[in-house]
Each structure stands twice: as C-alpha cells, then as structure tokens.
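The values are calculated or read from the model by the stated rules, or taken from the named source; none is laboratory data. Keep in mind it's a predicted model, so treat the numbers as computed, not measured. Backbone-built Cβ (ideal geometry, glycine too); neighbour counts: all protein chains shown. All accessible areas refer to the heavy atoms of the entire protein, side chains included, with ligands and DNA or RNA removed. Shrake-Rupley method; radii C 1.70, N 1.55, O 1.52, S 1.80 Å.
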Amino acid sequence: MSDTPTVTTPAAPTPTAVAPAPTAKKGKGTDPYIWGTGRRKTAIARVRIKSGTGKFMVNDREFNKFFCVERDREAVQNPLKVTETLKSVDVFVNVQGGGITGQAGAVSLGLSRALAEYNPEFESKLRAENLMTRDARKVERKKYGRAGARRRFQFSKR
C-alpha cells in the first residue's frame, strides 16, 4: 500500500427523465366529434355528436326506423329535449348487445355524457332530470337447485 491518498471524484449527475407529452384524449384534437359511452343491462352504446342540423343515425339506420316503440324514442331524445339541442346537433350511435329497451337506455346515457362534454352548462340540467346516472340493475344469474334466480321448485309430497 502506498502512502499517497486516493482522490475519488463524484459521479456525474444522471439526466432527469422528461415526461412524455400527454396524448390527445378520444374526442379531442382533430376529431370533430365528441364521444360518450352509455351502458344499460348488457347493451353498450358509443355515441358521437357534432354541431349540425339534427341528423340522428343509429347503427347506420335512421333513428325512427331503429327504435320503433314510442317509449324508446322518447327515452333516447330526452337528453336533446332537456338541453334544447334537438335541431342543432348531429348524433351518430353504434349500439350492440341487450334488447331494444336496454339499448335505448344505453343510448340515452351515452348521449347525455356527450352533451355534458359538448357544453358543460348542460350537465346540471341533465343531472336534474336524472339522465347522467347509470342504471346499474342487471339480470340476476340463475342458481343451481332453483327454478330461476330465486324461485324454488314446487314441493310435492308423494
């Protein structure tokens, strides 16, 4: 061993990692549409809206031809009536799963969410009409040893 002292040099500082720029969310940037997703029972609706003349298409069909029952038509148009945008917004919907009434509920929720993003002032009106709340009820599964989800088999004495 030698008597000369050893000199230690400090380690070079490591460069700090730069966070990547946030990516544009769906519905932002160059996309002219505002998106909203709605769910009801097993139905899922993807709703796109943009400023326009009141065109309403569901699965590439006219709104009136897709929803034949008046109750479903009113449920779907309710968010547009509450916000008074029936003739000023074009709506394009892709909906799948479930039945017609479940699909109408899913479209209504998706449309309400899209309208709330389109104009934040609409959210309070939509909430007051209970259009921004998801209906979480689903069909209960069938249990083994039962006739249905809860019903028991009839007892018979032999």
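Roughly how many percent of the accessible protein surface of the stretch 40-140 is carbon and sulfur, given a 1.4 Å probe and a whole-percent answer?
Heavy-atom surface of the stretch 40-140 belonging to carbon and sulfur, 1.4 Å probe: 46 percent.
Could you give the length gained on full extension between M57 and K81, defined as 0.36 nm per residue of separation minus the Cα-Cα distance, in nm?
7.0 nm
Can you work out the Karplus-derived ³J(HN,Hα) for every residue in the stretch 115-122? Use 6.51 cos²θ - 1.76 cosθ + 1.60 with θ = phi - 60°, whole Hz, and x for glycine or proline.
5, 5, 7, 4, 9, x, 5, 6
Per residue, what accessible area does the stretch 59-158 have, given a 1.4 Å probe and all protein chains present, in Å²?
That works out to 68 Å² per residue.
At 7 Å along Cα-to-Cβ for each site, give me the label-to-label distance between T30 and F153 in nm.
That separation, rounded to one decimal, is 6.4 nm.
Given an 8 Å cut-off on Cα distances and at least 6 residues of separation, report the relative contact order of the stretch 29-86 as a percent.
Normalised by residue count, the contact order of the stretch 29-86 is 20 percent.
Quick one: putting +1 on the C-beta of Lys and Arg, -1 on the C-beta of Asp and Glu, what dipole do you get for the stretch 52-144 around its Cα centre, in Debye to the nearest 20? If you can, show how the numbers build up before the last one.
Working: 16 positive and 13 negative charges, 108 e Å.
So the dipole magnitude of the stretch 52-144 works out to roughly 520 debye.
Quick one: Debye curve from the alpha-carbon atoms of the stretch 69-158 only, equal weights, vacuum; give me log10 I(q)/I(0) at q = 0.16, 0.25 Å⁻¹ to two decimals.
Treating every Cα as an identical point scatterer, log10 I(q)/I(0) equals -0.69, -1.29.
For each pair in K65/K142; K41/K125; K81/K138; K65/K143; K65/K125, compute the distance between the two Cα atoms and list the pairs where it is over 30 Å. Provide the component values of the computation, followed by the final result.
Details: K65/K142 34 Å; K41/K125 24 Å; K81/K138 27 Å; K65/K143 38 Å; K65/K125 28 Å.
Beyond 30 Å: K65/K142; K65/K143.
Once you have the Cα-Cα distance between E117 and T42, take 0.36 nm times their residue separation minus that, and quote the gain in nm to one decimal.
Stretched out fully, the E117 to T42 stretch lengthens by 24.6 nm.
Would you work out which of P32, A136, F56 lies farthest towards the positive end of the dipole of the stretch 28-158? Charges go on Cβ: Lys and Arg +1, Asp and Glu -1.
Farthest along the dipole direction, towards plus: A136.
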